[in-house]
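Just so it is clear, none of the values below were taken in a lab; they were calculated from the coordinates. Just so it is clear, the structure is predicted and the values come from calculations on it, not from any experiment. No Cβ is skipped: glycine too gets one built from the backbone with ideal geometry, and neighbour counts run over all protein chains shown.
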Amino acid sequence: MNGHDHGGPAGYGQPGASTGSTYVPPPAPSPFPPSPQQQSAKPRTSLAVALEQSRYRLMVTAAVVTTVFTAISVKLAMATMFAGGGEPRQHVALEVDNTTTNRADILDRNGNLLATSLVTQSLYADPKLVSRPEEAAQKLVSVLPELDYKDVLGKLVGDRRFVWLKRNLTPKQQAAVHRLGIPGIAFEREERRFYPAGPLTSHVVGFTGIDNNGLAGMEQGFNKRLTEDPGTPLQLSIDLRLQHVLKKELAATVQEFSAIGAAGIVFDVRNGEVLAMVSLPDFDPQDPTGLNPDTLFNRATLGVYEMGSTFKIFNSALAFDSGKIRVSDMFDAAHPIKIGRFTINDYHNLHRALTVAEVFQHSSNLGSVRMVQQVGVAAQKAFMTKMGFTKPTGLELPESGWPLVPNPWREVNSYTISFGHGISVSPMHTVAAAASVINGGLFHKPTLLKRKAGDEIPTDQVVSRSTSDMMRRMFRFVVTEGTGKSAEVKGYVVGGKTGTADKQKGRHYQKNSRMSSFLGAFPMNDPRYIVYVLVDEPKATAKTYGYATGGWVAAPAVGRIVKQIGPLLNVPMVDENAPEILNSTFLNAAGSTNWQQTMPSVTAPPPSKGSTVASFPTQTKPR
Amino acid sequence: MKGKTWLFWGGLIAAAGGVLFQTSYDVQDLEEKLAGLNRKIIQEQESIQILKAEWSYLNDPTKLEQMAQAYLALQPSEPRQYMAMDMIPMRPGDAVQPPAQTNPAPLPPMVRAPGTGAPQVAAARIPAAPNNSGAGGIVPVSMPAGAALAKPLPMDKALERAPVVVPASLPSSGSLADPSRATRIKPSALVPGSARAPAEKAPDRAAGKLAPNAPTSRPTELAARPTPPAPAPAPKAAAPAAQQPYQPKPTDSLGLLVARLGANR
């Protein structure tokens, strides 16, 4: 009983220990035999261990829970109170001026678009997701007839995860494809370069590849600028209207004389801006590939040619600027010059001595050589270097040709250079240098970017003011009484110089393939613009009596161009025979600049008949 | 007490939760709206860009020239069609203040209501003008012709009181309806003989080329002239009425200018 009694509490003791951890076994059962005491000591120790364990577990659990919850609350506090209101993404209104494209527009000087980026959608496919390629291909071809069924099917059954099906869909095409609802086919937003003016400015603006990287023209030259600052358009100095007139007249000339090409430049002599630049044949910048690569060639800047008689401009300027030669000095132009194996002769030999004015007027090679003989080889080399004929023009186009300059510069080279052979420069070189000769002697680096109103124009005085003044008279003289008569336009005192160069094929000059050019400037009393036309290999026609020289081919074109662009450029019309115009432009064959002495009949301007503007009453008043 | 505290806090929490809930939905709404607007802006920008490109494309000079040749009777402009500003002769009456100073309106309105313009200038130039001429001067120049015709009387009176000999053939309200006719009649009819006399020895600029029917100046000068022997403003007054093959419409300011310069003769 006792044992039972004893065993009873012991039996109940364990559940008691499990319920209350503070239960201490009473010391009362000490009189009991040790065996039950041993029995009870054993559960007591295990109980203590269990208690200990559970206490540790509780502590660990509490610690973990506390840590986690603290972390959560800290994070919560940070997220709600300190981390910018906890907005995962903040919506900001767009700036209205922002452009949506990644490449800047190109504008002409009046703000007309020459190149812009339009957002289009391109169609691509993930062939893994296309469940029925045949059906999909059939559907696609039905809405995009320009795709080839086999080609599309081949793309759709391939292993790749991405294939382009068609780039640059129109919105209508996109809607049509969208409506088909083919799984695995999607659109990607892309940009497409678009040239509203088309071929008109192709050589200036250039073109881009399919990934919108500039590959030619200003697109290449300013690739970095266009992509880095897409918001600000790039404004060129080109005037679209002048460009059109220039191209139209060049194309007409090319057609009339069955030429293989032509180049033309309109140049502002006061600040070096290129107002128009055309090279024919040209290309469509929208689709420049797959064409005749010849069309990509820019004759106005990349092509270097022997300029022919146009170089007599620089020869004369050199002669005047050296101070050794005056305009009335006489030079023998009757006897051919022999040097080495060459014989230099004139196109039309006049068999007499000529003044400098007449050398320029009749474009005499012999006279030019005599002039340079007097000036010297070193002076000529220095002058041509000053004129920029020994390095590229510095125009912003990547297509800038290196001139072909004789090295070493021997006497024979100086002879041929005096009339434009033996040195090859681009038309842009010629125009920029000629501008400096007539604008008062200031050389401006040619540029295709519009100059801002207040900007300082980098200039370089290359010839003296008096030289420049005399050169203006010489220019005018060629048009009034020389080889360039057909460039005359009433009211715009045009001046200029013709040029005809035989083309070199291999080691020999060809008799019947030549470059005919005319460098015109107007108004000569205060030159503002140069119009340059170069025609490559013109063939003579019956209308020109078998001639294909600069005076017959290029000068009329310049005249037509000046007639059309004069009003656009806001050049005031003047009466060529008004005294103050003659004062600044007159020159005669003897080299005299005094028009009153030589033309006594025109002390007063002639009555209204000759001039187109004379029908107004104020005409008789001196202006 | 305890229950009330619980109620208070509970209510506060519920209210805060509600407000937060509401705000969060509002913000979400606004965000969606903003995203929509941004999308629209981009869309608009893209379509503006497309329109710009299309505009430039359609304005390609080559294309325009072809179209002009096909549909218009216009010729390419020639240099002789342009002239410098100083080529245009001054109006004959240099002494007279140009009416442009008193009304900046271009030619047409002045032509349309010559009677209203005149007394206005008269009032401006002669401070002691009768008050009913002042009433005429109030009539705005830009007023349509019908309104001007409604009260021709003040103008007539103004002209009568002006120190000019007004002939009996003063254009009535009926002739005012035809401004070109009015301007043609006026110089010859209104200029007194004493004023016409110096016209014969008029300055050389009147040497025939200047069509004297410049409609802007005539009435003004007439009304404004204080004394008869003024510097003759009406050279060869009788000539133009007879030999004008083409009379530009009064609204055709360019045509008027051309006619004034005699270029179409």
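Counting charges near residue A:298 (Lys, Arg +1; Asp, Glu -1) among other residues having Cβ under 12 Å from its Cβ returns a value of -2. A helix-only calculation puts chain A at -11500 deg cm²/dmol for mean residue ellipticity at 222 nm, using -39500 (n - 2.57) for each DSSP H run of at least four residues, averaged over all residues.
Every Cα-Cα pair of segment B:1-72 was included, and the share exceeding 19 Å stands at 69 percent. For segment A:98-161, the percent of C-alpha pairs falling in each 10 Å distance bin, counted from 0 to the bin holding the largest distance, reads 19, 32, 15, 22, 11, 1. Could you give the angle, 0 to 90 degrees to the nearest 10, between helix A:133-143's Cα long axis and the longest principal axis of the Cα atoms of chain A? The angle comes out near 40 degrees.
Taking label points 7 Å from Cα along the Cα-to-Cβ direction, residue B:80 and residue A:402 give a separation of 5.3 nm.
Shape index of segment A:459-553: Rg/Rh, with Rg the Cα radius of gyration and Rh the Kirkwood radius from the inverse mean 1/r over Cα pairs, equals 1.06.
Each label was represented as a point 7 Å from its Cα along the Cα-to-Cβ direction; for residue A:345 and residue A:73 these points are 11.2 nm apart. Note on A:515, B:83: ascending count of other Cβ atoms within 10 Å places them as B:83, A:515, the fewest first.
Were the residues from residue A:503 through residue A:539 laid out at 0.36 nm apart, the gain over their Cα-Cα distance would be 11.6 nm. Once the Cα atoms are used to define both axes, helix A:377-386 deviates from the longest principal axis of chain A by about 40 degrees. Using the alpha-carbon positions of segment A:208-254, Rg (one decimal) and Dmax (whole number) come out as 14.4, 41 Å.
Beta bridges from DSSP with both residues in chain A: antiparallel share about 95 percent, rounded to the nearest 5.
Per residue, the convex hull spanned by the Cα atoms of chain A amounts to 331 cubic angstrom. The C-alpha atoms of chain A define a longest principal axis, and helix A:312-322 lies at about 80 degrees to it.
Among A:505-512, A:430-437, A:127-134, A:354-361, sorting by the average number of other beta carbon atoms lying within 10 angstrom of each residue, highest first, gives A:430-437, A:354-361, A:127-134, A:505-512.
Where in segment A:146-184 is the amide nitrogen less than 14 Å from a point lying 7 Å along the Cα-to-Cβ axis of residue A:128? Zone members listed by number: A:158-163, A:184.
Once you list every other residue whose beta carbon is under 14 Å from the beta carbon of residue A:471, what net charge do they have if Lys and Arg are +1 and Asp and Glu are -1?
+4
The per residue volume of the convex hull around the alpha-carbon atoms of segment A:106-236 is 128 Å³.
By the scheme Lys and Arg +1, Asp and Glu -1, what is the net charge of all other residues having a beta-carbon under 11 Å from that of residue A:278?
+1
Mind listing which trypsin sites (Lys or Arg not before Pro) in segment A:357-430 are in a DSSP loop and have 15 or fewer other Cβ atoms within 10 Å? Qualifying residues, ordered by number: A:410. Here each label is just a point 7 Å from Cα along the line to Cβ, and for residue A:251 and residue A:135 those points are 5.1 nm apart.
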